[in-house]
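K.L.:
Take a look at the following structure, please.
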Amino acid sequence: MDLGLKGKIAVITGASVGIGLAIAEGLAAEGADLVLAARGGERLEAEAARIAEKYGVSATAVVADVATAGGTEAIIAAAAEKGGADILINNAGTGSNETVMEAPDEKWQAYWDLHVMAAVRLARGIAPQMKRRGGGVILHNASICAVQPLWYEPIYNVSKSALMMFSKTLSTELIQDNIRVNCVNAGLILTPDWIKTAKQLTAETGGNWEGYLQAVANEHASSKRFGTPEELANVFVFLSSERASYCIGSTYFVDGGMLKTI
Ligand code: NDP
């Protein structure tokens, strides 16, 4: 199936590892040129160079913190330098661990800036570029936790829920400019971060980190396994393409059977 993505300009935040990196590779494999953002320059620049070489596309690395206005401005400027973006993937984010009773205001604000304001600011800067180019696609990587909370991470649950509603609201505003906005809610996706956490949690009890991850999958997903970043990236790539032309303002779950409601 030709997805028609060759020569499209795609901006991906949090693109140096895990899901964002898999989306970057998926879009590059379809011939899209990339603007990749993350805070850590070394890893990001190495991956951008590797992807450009492997797929014969251009990949610009922007070292930026998307939780700041300055960081999003740098990303918007890099996309403008390439002639403007056709695709924006708001992926950068991270889990949390706290109780509502104990977490200070600053922590709530930091997650609000990372999960919500980054998407707001990037939409404001990049949607006009898309409009000039005749349309575009904006995708938000929220989480199954936006609708089915994990109780140890209330700030994550709440801020991802807000991102999901932002996606829905933005979709109505931008469809008049032929910009399709959607949200993806993933379940358990096996990224290096999950492996690191599993190793830390099992370090003092025998180091069976794989057993720990299997127990997590058994508890949460009817498929009893984690998904790979590539399995999730495939959905992002499809939704980025014209093949998904009637997908507007929705949320798509990619969760291996984790969602407990219809
Ligand atoms: P990783 O921790 O593996 O990667 C996160 C990426 O985002 C890195 O490239 C990191 O690079 C970048 N990043 C983090 N903070 C910022 C920031 N402030 N500014 C710019 N870049 C940043 O995460 P995953 O791949 O696991 O997750 C990606 C997204 O998917 C997140 O939004 C997460 O909530 C969501 N998700 C993940 C699931 C999972 O099971 N893995 C399930 C459901 C949703 P650097 O640190 O160098 O900035």
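The values are calculated or read from the model by the stated rules, or taken from the named source; none is laboratory data. Note that the structure is predicted; figures quoted are calculated from it, not measured. When we count neighbours, we look across all protein chains shown, and the Cβ atoms used for this are built from the backbone with ideal geometry, even at glycine. These area figures cover heavy atoms from the full protein model, side chains too; ligands, DNA and RNA do not enter into them. Shrake-Rupley method; radii C 1.70, N 1.55, O 1.52, S 1.80 Å.
K.L.:
Return one number: the angle in degrees, 0 to 90 and rounded to the nearest 10, between the long axis of the Cα atoms of helix 192-202 and the longest principal axis of the Cα atoms of the chain.
P.N.:
Helix 192-202 sits roughly 10 degrees off the main axis of the chain.
K.L.:
With a 1.4 Å probe and all protein chains kept in place, how much accessible area does residue 177 have, in Å² rounded to the nearest 10?
P.N.:
Looks like 40 Å² after rounding.
K.L.:
Can I ask one more? Using Cα centres only, tell me the gap between region 133-152 and region 183-262 in whole Å.
P.N.:
13
K.L.:
Amide H to amide H under 5 Å from residue 181: which residues, 5+ apart in sequence or cross-chain, H placed 1.01 Å off N in plane?
P.N.:
138, 249
K.L.:
Shifting gears a bit: Can you give the FRET efficiency to the nearest 0.05 for residue 201 and residue 251, using r as the Cβ-Cβ distance and R₀ = 25 Å?
P.N.:
0.25
K.L.:
Can you give the extra length, in nm with one decimal, that the chain gains between residue 133 and residue 102 once fully stretched, where that is 0.36 nm per residue apart less the Cα-Cα distance?
P.N.:
In short, 6.5 nm is gained.
K.L.:
Moving to a separate point now. For the chain, with a Gaussian network of springs between Cα atoms less than 10 Å apart, report the residue from 165, 101, 130 with the top mean-square fluctuation.
P.N.:
Checking each option, the largest mean-square fluctuation is seen for 101.
K.L.:
Let me ask something else. How far apart, in nm, are two points set 7 Å out from the Cα along the Cα-to-Cβ line at residue 219 and at residue 58?
P.N.:
4.8
K.L.:
Anyone know which of 22, 48, 217 comes out most mobile in the 10 Å Cα GNM of the chain?
P.N.:
217
K.L.:
For Cα pairs less than 8 Å apart in space and 6+ apart in sequence, what is the mean separation divided by the residue count of the chain, i.e. the relative contact order in percent?
P.N.:
The value is 19 percent.
K.L.:
Say R0 is 35 Å: what FRET efficiency, to the nearest 0.05, do residue 152 and residue 81 get from their beta-carbon distance?
P.N.:
The value I calculate is 0.25.
K.L.:
Now for a separate question. Please list the radius of gyration and Dmax for region 28-160, considering alpha-carbon atoms only, with Å as the unit.
P.N.:
Final numbers for Rg and Dmax: 16.2, 51 Å.
K.L.:
Share of Cα-Cα pairs in the chain beyond 33 Å, in percent?
P.N.:
Of all Cα-Cα pairs in the chain, 17 percent lie more than 33 Å apart.
K.L.:
Rank 67, 146, 244 by mean-square fluctuation in a GNM of the chain with C-alpha springs under 10 angstrom and give only the top-ranked residue.
P.N.:
Taking springs between Cα atoms under 10 Å, the residue moving most is 244.
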